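The values are calculated or read from the model by the stated rules, or taken from the named source; none is laboratory data. Keep in mind that this is a model prediction, so the values were computed, not measured. Every residue, glycine as well, gets a Cβ built from its backbone with ideal geometry; the counts of neighbours run over all protein chains shown.
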Amino acid sequence: MAEFQDIVGAILKEIAQARIASDLYAREVSQEYQKDQLLRLFPVPRTEIKDIAIDMRFAITEVDTQQRTQNRNLQVYSIISNYADLLATEAVPYLAKSFDAKNFEEGSKITQKDLQAYIHQALLLKKDAYLNAQGVYDLTIAKEVLQEGLNKYMGTILALISVDFNTKLENVVEGNLNITLEAMGNALNEAFANTSSQVLNIEVAENNLANMPANMLSSVKITSEVRNYVWTDIEDEEGNKTKRLIPE
């Protein structure tokens, strides 16, 4: 038993691998033609895969929603955690420069590492609240969630440091907030767009399908087109060149 997307993905991967094997063989043949004066007069034979049609028979054994939800929640947590680290990393050094280094590290009970941890926790306080009911990231909601988290931990931070840097902290966070949260939103929306809320577990083994009732069997036709991409030099306004793959 396997997931439907894994089976289809494996088929497409095998098609690409077949094309690679064909190209490697064509390279070897072309080298042999190059060595022979007579063979150089003839075109080098090459087999191209343009498109492939596959009829796949399968049976749906389970529609799993819990596993996909758990996996996506882990992915969402990972994304938010990474951007929380980014925001905290950008804010902490600036804050440290705002005070005497000795006072910040030794004269108080909090260190840069502690401060980074508080900002990180603030962003993760309500990680499930960044998405609305439709599962779409909302920047306004994200700012509210972060501010609520900062307010929660601000009392702890101020109690550990003798000087008042509440305004400075807010300025630093606000300076990086829009860019960081928008980038995080793009990552979250992409994660939701690329994952469905359900997982189809299917059976494709021929011997197992043979023992199943006909009304349980399904089929899908997969048509794959192999497109060629070639390397080309792209020059920017400053004259710097980079190589990119573009359709042939």
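Results, tabulated for the structure shown:
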{"read-out": "Scan of the stretch 202-248 for residues that are closer than 26 Å to Q17 by Cβ and basic (K, R), ordered by number", "value": "K221, R227, K243, R244"}
{"read-out": "Residue count for the stretch 193-248, restricted to those that are surrounded by 10 or more Cβ atoms within 10 Å (Cβ to Cβ), at pLDDT 80 or above, hydroxyl-bearing (S, T, Y) and under 18 Å from I60 (Cβ atoms)", "value": "1"}
{"read-out": "Residue satisfying condition, being assigned to a helix (DSSP H, G or I) and modelled with pLDDT under 75, within set L95, L24", "value": "L95"}
{"read-out": "Set T47, T61, T69, T89: member being in contact with an Asp or Glu (Cβ under 7 Å, 6 or more places away or on another chain) and either modelled with pLDDT under 80 or assigned to a loop (DSSP other than H, G, I, E, B) (or both)", "value": "T61"}
